[in-house]
Amino acid sequence: MMSLAHWGSEPGPDVSLAGPERAIEITAARFVRTWGFTTIEMVAACFRLVRRSTEPRAVLARRAIERLPDLCWLEPTREWFSLLERDSPGKTALAKIAAVTTDVDGAELHLALGKRHAFRDVPPAVVESYLAVLTRLPRPTSTRHGLTPEETALVLLLRADGGSADVQTLRARAADLSLDGASVARTLRVSPLFLPAGRGRTRLIGSPRGYPMLVSSPAWQATM
């Protein structure tokens, strides 16, 4: 899930003259902005020390992280954590979900936020803790929910069909609205607003299921 490979060509933030705290905070915030959470070990591996230190990198990282006011530990060992005041995919997804429904249970939220494989290889207890933390955050007061044109159109089309529809039919209706087919297909695949509702069908998050949910059905994915 949280591979360090994409950091390979980009050096971590330099340590300032005041010490490594700022570099560590920047590194942690970048992981949170990408995944929503990270670990002390990952942060320790990625910030760049300009000056040599006699202390282990993990010790430096933990000391700096523990001083951040928006720190939220996600499990008892205090290895996994999130920074609640930073931008993150989870907060963005929740803002979109809140714009279309207020009736979402934990299982749906797990499916919605995990569509980009964000929870792969993450301990289940950490995922549960992270989702619980997200749901306790204040609801966005701004009307700027960030829905794309494709998301807005698909929400309206699904509502007109009672909350769920055949994927191929939905894509055809979207094409009638002059929406790009590739963008619509990608939106259905990655947006947290649309969940599988059975073979060849999709539904709006928060709507009645109506059909057995096939979370990872290859047959369903093949229709996308």
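The values are calculated or read from the model by the stated rules, or taken from the named source; none is laboratory data. From a predicted model like this one, the values you see are computed outputs, not experimental measurements. Here Cβ is always computed from backbone atoms with ideal geometry, including for glycine, and neighbour counts include all displayed protein chains.
Some points to look at:
- Top-ranked residue in the range 117-139 [being under 14 Å from the mean Cα position of the chain (by Cα) and surrounded by fewer than 16 Cβ atoms within 10 Å (Cβ to Cβ); ranked as nearest to Cys72 (Cα to Cα)]: Ala132
- Residues in the range 172-195 that are buried (at least 21 other Cβ atoms within 10 Å of the Cβ) and outside any helix (DSSP H, G or I): Ser191, Pro192, Leu193, Phe194, Leu195.
- Search result, residues across the range 142-167 that are in a helix (DSSP H, G or I) and either within 15 Å of Leu204 (Cα to Cα) or β-branched (Val, Ile, Thr) (or both): Glu150, Glu151, Thr152, Ala153, Leu154, Val155, Leu156, Leu157, Leu158, Arg159, Ala160, Val167
Yes/no per residue for (1) part of a helix (DSSP H, G or I); (2) at pLDDT below 95:
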site: Leu68; (1), (2): no, no
site: Cys72; (1), (2): no, no
site: Phe81; (1), (2): no, no
site: Asp87; (1), (2): no, yes
site: Lys91; (1), (2): yes, yes
site: Ile97; (1), (2): yes, yes
site: Asp103; (1), (2): no, yes
site: Leu111; (1), (2): yes, yes
site: His117; (1), (2): no, yes
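- Of the residues making up the range 35-59, those that are surrounded by 18 or more Cβ atoms within 10 Å (Cβ to Cβ) and in contact (Cβ under 8 Å) with a residue 24 or more places away in the chain number 9.
- Conditions (1) under 20 Å from Thr38 (Cβ atoms); (2) surrounded by fewer than 16 Cβ atoms within 10 Å (Cβ to Cβ); (3) not aromatic (Phe, Trp, Tyr): number failed by Asp103: (1)
- Every test in (1) modelled with pLDDT under 50; (2) in a helix (DSSP H, G or I); (3) touching an Asp or Glu at 6+ places or on another chain (Cβ under 7 Å) is passed by His6 save one, and that test is (3).
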